[in-house]
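Reading through the structure tokens given below for one structure.
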Amino acid sequence: MRLTVVGCGDAFGSGGRFNTCFWLETAKATLLVDCGASSPVALKASALDFDRVDGVVLSHLHGDHFGALPFLLLDAQLLTRRKRPLTIAGPPGTRERIAAALDVFFPRATSNSWRFPFDIVEIVPGQSAQIVGHTVATTEVIHQSGAPSTAVRISDGEKLFAYSGDTEWTEALLPVAAGADLLIIECYGHKGRVPGHLTWEILKPRLPDLRARRIMVTHMNAIMLRHQDELVAAGLMVAEDGAVLDF
């Protein structure tokens, strides 16, 4: 697998980072994992063509994780004139939320006669689905988004990618991380407790329990970004917009 970090920022652009979006290439397909509102700009800044994407996997339905889809779908429809099919997978409620976002930003867009087929697959947490040749399994975590928020495991049969999504600490992260070739985990804050998110103070003592081969930290606020040296000292990778990693 090859990961390109399109965006690793929080909802507020802390540190000048783009919203969450991971470009994941395997021998079988190209996936986007999350697709935050700034992703159209971030993709084009990295010369990554959305027309190459076979599927989009959404961890949860906050704008900084799925908000680019109305823009990318219409770009594909009107500008690049996409013909290839696209699969979008997310938690229950994804179909309704995407339709609502399309109508808010581009009224009557949902009535388009789409020139390319796209399917929306809603994955019930605790179950798995086959998405463009990959097994995608999700686990519900602790993050209020008006629909289930999930951590995600994606396997192409050889490598395993895991992603916490946005969440407080929960024991549910342990089986998500177990055996992963790469785990990307959020660490929004530095100290104390932040509702719906992890902080370094809470995450650090649980690192030995996360049995992944490599761990990358993402989704940091401005304070946490000033403490990146602590992550590196603990043997973790720190996500950076534009970074590329083969694993």
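The values are calculated or read from the model by the stated rules, or taken from the named source; none is laboratory data. Model, not experiment: these values are computed from the prediction. Cβ coordinates were reconstructed from backbone atoms using ideal geometry, including for glycine residues, and neighbour counts include every protein chain displayed. For the accessible areas, the whole protein counts, side chains as well, though only heavy atoms, and no ligand, DNA or RNA atoms are used. Shrake-Rupley method; radii C 1.70, N 1.55, O 1.52, S 1.80 Å.
Okay, residues lined up against (1) buried (at least 17 other Cβ atoms within 10 Å of the Cβ); (2) touching a residue at least 12 places away in the same chain (Cβ under 8 Å); (3) part of a loop (DSSP other than H, G, I, E, B); (4) of a type in the set (S, T, Y):
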position: T139; (1), (2), (3), (4): yes, yes, no, yes
position: Q144; (1), (2), (3), (4): no, yes, yes, no
position: V152; (1), (2), (3), (4): yes, yes, no, no
position: E168; (1), (2), (3), (4): yes, yes, yes, no
position: I185; (1), (2), (3), (4): yes, yes, no, no
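Which one of the conditions (1) touching a Lys or Arg at 6+ places or on another chain (Cβ under 7 Å); (2) closer than 25 Å to A239 by Cβ; (3) of a type in the set (A, V, I, L, M); (4) open to solvent by less than 20 Å² (accessible area, probe 1.4 Å) does A76 fail to meet, given that it meets all the rest?
A76 satisfies every listed condition except (2).
Kindly provide the set of residues from the range 212-230 that are surrounded by fewer than 21 Cβ atoms within 10 Å (Cβ to Cβ), touching a strand residue (DSSP E or B) at 6+ places or on another chain (Cβ under 7 Å) and part of a helix (DSSP H, G or I), ordered by number.
Matches in the range 212-230: I223, Q228.
Please tell me if S59 is under 23 Å from H134 (Cα atoms) and hydroxyl-bearing (S, T, Y). Talk me through it step by step, then tell me what you get.
On the way: under 23 Å from H134 (Cα atoms): yes; hydroxyl-bearing (S, T, Y): yes.
Yes; evaluated as a whole, the condition is true for this residue.
Restricting the range 187-211 to residues that are under 18 Å from the mean Cα position of the chain (by Cα) and in a loop (DSSP other than H, G, I, E, B), which is surrounded by the fewest Cβ atoms within 10 Å (Cβ to Cβ)?
Our first condition is that a residue be under 18 Å from the mean Cα position of the chain (by Cα); within the range 187-211, this holds for 187-188, 196-198.
With the extra rule that they be in a loop (DSSP other than H, G, I, E, B), the set shrinks to 187-188, 196, 198.
Working: C187: 26, Y188: 23, G196: 16, L198: 27.
Here the answer is G196.
Six or more apart or on different chains, Cβ under 9 Å: which pairs go from a residue in the range 222-233 that's closer than 10 Å to S14 by Cα to one that's surrounded by 14 or more Cβ atoms within 10 Å (Cβ to Cβ) and at pLDDT below 95? Could you list them?
From residues that are closer than 10 Å to S14 by Cα, there are no pairs.
Filter the range 85-122 down to residues that are under 26 Å from T150 (Cβ atoms), assigned to a loop (DSSP other than H, G, I, E, B) and open to solvent by 10 Å² or more (accessible area, probe 1.4 Å), then give me how many there are.
Step one: filter the range 85-122 for residues under 26 Å from T150 (Cβ atoms), giving 85-105, 110, 117-122.
Next cut, assigned to a loop (DSSP other than H, G, I, E, B) only: 85, 91-93, 117.
Then keep just the ones that are open to solvent by 10 Å² or more (accessible area, probe 1.4 Å); that gives 85, 92-93, 117.
Residues flagged as under 26 Å from T150 (Cβ atoms), assigned to a loop (DSSP other than H, G, I, E, B) and open to solvent by 10 Å² or more (accessible area, probe 1.4 Å) within the range 85-122 amount to 4.
Condition first: open to solvent by 50 Å² or more (accessible area, probe 1.4 Å) and part of a loop (DSSP other than H, G, I, E, B). Now tell me which residues in the range 12-36 satisfy that.
F12, F18, A27, K28
Each row is one residue, and each column tells you yes or no for (1) over 17 Å from V152 (Cβ atoms); (2) of a type in the set (K, R); (3) crowded, with 18+ Cβ neighbours inside 10 Å; (4) in contact (Cβ under 8 Å) with a residue 60 or more places away in the chain.
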residue	(1), (2), (3), (4)
P175	no, no, no, no
D181	no, no, no, yes
E240	yes, no, no, yes
D246	yes, no, no, yes
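Going by the structure shown, is R17 of a type in the set (K, R) and without any contact (Cβ under 8 Å) to a residue 40 or more places away in the chain? Give the derivation first.
On the way: of a type in the set (K, R): yes; without any contact (Cβ under 8 Å) to a residue 40 or more places away in the chain: no.
The answer is no for R17.
Taking the range 154-166, which residues are at negative phi and open to solvent by 30 Å² or more (accessible area, probe 1.4 Å)? Steps first, answer last, please.
Step one: of the range 154-166, the residues at negative phi are 154-156, 158-164, 166.
Across the range 154-166, the qualifying residues are S155, E158, K159.
Looking at the range 74-90, I want the residues that are closer than 21 Å to H134 by Cβ and have a partner that is in a helix (DSSP H, G or I) and open to solvent by less than 10 Å² (accessible area, probe 1.4 Å) with Cβ atoms under 8 Å, at least 6 apart or on another chain. Which pairs are those?
Partner pairs satisfying both residue conditions: R82/A76; L86/A76; I88/L69; I88/T94; I88/I98.
Any residue in the range 109-127 that is β-branched (V, I, T) and without any contact (Cβ under 8 Å) to a residue 12 or more places away in the chain?
In the first step, residues of the range 109-127 are kept if they are β-branched (V, I, T); the result is 110, 120-121, 123-124.
Those still in the list that are without any contact (Cβ under 8 Å) to a residue 12 or more places away in the chain too: 110.
Yes.
So which of A42, A29 ends up being touching a residue at least 24 places away in the same chain (Cβ under 8 Å) and closer than 20 Å to F118 by Cα? Step through it out loud before you land on a result.
Working: A42 fails: closer than 20 Å to F118 by Cα.
Being touching a residue at least 24 places away in the same chain (Cβ under 8 Å) and closer than 20 Å to F118 by Cα holds for just one of A42, A29, which is A29.
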